[in-house]
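The values are calculated or read from the model by the stated rules, or taken from the named source; none is laboratory data. These numbers come from a predicted model, not from an experiment. Virtual Cβ from ideal backbone geometry, glycine too; neighbours counted across all protein chains shown. Please note that ligands, DNA and RNA were not included when accessible areas were found on the heavy atoms of the full protein model with its side chains. Shrake-Rupley method; radii C 1.70, N 1.55, O 1.52, S 1.80 Å.
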Amino acid sequence: MTTTHHLPAGKAAVGAYAVDVTPESAGWGHSSLRVLDLPAGGRHILDTGDSEWIVLPLSGGCTVAVGGDTFRLAGRESVFSGVSDFAYVPRDAQVSIDSRDGGRFALTGARCTHRLPARYGPASAVPVELRGTGTCSRQVNNFGAAGVFECDKLIAVEVITPGGNWSSFPPHKHDEHRPGEESELEEVYYFEFAAHEGTPGLGYQRVSPSGHGSDTDVLAEVRDGDVVLIPDGWHGPSMAVPGHDMYYLNVMAGPGADRAWLICDHPEHAWIRGTWPEQPVDPRLPLYTAPERS
C-alpha cells in the first residue's frame, strides 16, 4: 500500500495552519483544506486568492470580517457537541478571522470562476441527515452540500460515525465525468475522534483503485488531525473502532460545469443498500440535531 495520500497529524502543517492542503501540495486542480488553531485573542488574515472558502468552527467561535461584512460565529464546543454556524467568503478578498476565546477552525476551499457574495450560514439551516442503517448508520451535516448552500464549485459536509460502525460504505467513487451519473471530484477527508476515559480514538480508511486517474491505493490507520487525499478511486469503508465516535470533514471540488455530487457504488458491494430498509437506524443517532430557527 502507498501512504502518500495519508497525511498523519502534523505532516501537512504549514505556518499558522495545522493542516494546509492546497491544489499544489495535493497535486491536483481544485480542492483545498486548511485547519487553523487560534489562541485566545488571536487573529489570522486570509487572502482568498482564486478560491472560495467556508470558515467552519470545529471548536470555539470567531468573528469573520470581509469587505464591509462582519459575521459573528457562535461555533461549538467540539464537532461531537453540535452543528456549527459558518461563513462563506468569496475569491479575491482579504478576510480577518478573530477569536476572543480561541478555537480551531476549518477553512474549506475550492478554486472557482464566479465571485459570489459573502454570507452567513446559520446552524439552524444545516440539514442533518441520517444515512444507512444498522452498522452502516452515520450522521451527515450537510452545511455546504450541493443544493443546500450556494457556492460556485465547493462542496463540503461533515460525517459522524458511531464507534463500531462503518461509513463511506458501500465504497463509491466520483472520478469520471458521466453526465447525470457521476461527477469528477477531488476529495479531502479530515478526521477527529472522541476519546474514551482519556484514551484517544482511532479508525481506518480504505481507498482502492478504480482503474481511473492515478490508481489511488490506501489502507490507513487514522487518528485526530489526520488527512486522507482522494484524487480518484473507490473510497470506503471509513471504520470507527468500538468505543470511539469518528468525525470526518469532506471537502470536494472538480472541473465540471455543474456543482453536483454524483457517485457510483462499487459493483461488488452495492447490494448492501438493499438490506438497509430491513434494519433500524443505530439508536445512538442523531448525536445531535440542528438548533431550532429563531
message: Residue under question is F143, and the condition is that it be part of a loop (DSSP other than H, G, I, E, B) and crowded, with 20+ Cβ neighbours inside 10 Å; does it hold?
response: no
The correct count of residues that are closer than 19 Å to Q139 by Cα and open to solvent by 100 Å² or more (accessible area, probe 1.4 Å) in segment 259-278 is 2
If we keep only residues of segment 185-215 that are polar (S, T, N, Q) and outside any loop (DSSP other than H, G, I, E, B), then the residue nearest to D37 (Cα to Cα) is T199
Somewhere in segment 74-84, is a residue more than 27 Å from P162 (Cα to Cα) and not hydrophobic (A, V, I, L, M, F, W, C)?
no
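Which residues, counting only those in segment 146-173, are in a strand (DSSP E or B) and either touching a Lys or Arg at 6+ places or on another chain (Cβ under 8 Å) or among the acidic types (D, E) (or both)?
Selection gives I155, E158, V159, I160, T161, S167.
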The condition from (1) crowded, with 24+ Cβ neighbours inside 10 Å; (2) of a type outside the set (A, V, I, L, M); (3) over 20 Å from H5 (Cβ atoms) that H177 misses is numbered (1)
Checked segment 90-140 for anything part of a strand (DSSP E or B), among the hydroxyl-bearing types (S, T, Y) and either within 16 Å of the chain's Cα centre (by Cα) or within 27 Å of R284 (Cβ to Cβ) (or both); matches are T108
Looking across segment 207-252 at residues that are of a type in the set (F, W, Y) and under 16 Å from the mean Cα position of the chain (by Cα), the single one that is nearest to V14 (Cα to Cα) is Y248
V218 vs (1) open to solvent by 10 Å² or more (accessible area, probe 1.4 Å); (2) touching a Gly at 6+ places or on another chain (Cβ under 9 Å): all pass except (1)
Evaluate segment 137-150: report whether one residue or more is among the β-branched types (V, I, T) and more than 27 Å from D20 (Cα to Cα). no
Conditions (1) open to solvent by less than 50 Å² (accessible area, probe 1.4 Å); (2) under 26 Å from G201 (Cβ atoms) -> V281 fails only (1)
Review point. Would segment 261-279 turn up any residue that is under 19 Å from the mean Cα position of the chain (by Cα) and closer than 24 Å to A123 by Cα?
Key: yes
Looking across segment 50-73 at residues that are surrounded by 22 or more Cβ atoms within 10 Å (Cβ to Cβ) and small (G, A, S), the single one that is farthest from G103 (Cα to Cα) is S51
Of the residues in segment 1-30, those that are touching a residue at least 60 places away in the same chain (Cβ under 8 Å) and open to solvent by 40 Å² or more (accessible area, probe 1.4 Å) number 9
Across segment 284-294, the tally of residues that are farther than 13 Å from R131 by Cα and either part of a helix (DSSP H, G or I) or open to solvent by less than 40 Å² (accessible area, probe 1.4 Å) (or both) stands at 2
Taking segment 180-211 and keeping only residues that are of a type in the set (D, E, K, R), exposed (fewer than 14 other Cβ atoms within 10 Å of the Cβ) and without any contact (Cβ under 8 Å) to a residue 60 or more places away in the chain, one is left with E197
Just one listed residue, out of P117, P122, is open to solvent by 20 Å² or more (accessible area, probe 1.4 Å), within 27 Å of L73 (Cβ to Cβ) and in contact (Cβ under 8 Å) with a residue 60 or more places away in the chain, and it is P122
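When segment 80-89 is examined, which residues are found to be assigned to a loop (DSSP other than H, G, I, E, B) and under 20 Å from R293 (Cα atoms)?
S81, G82, V83, S84, D85
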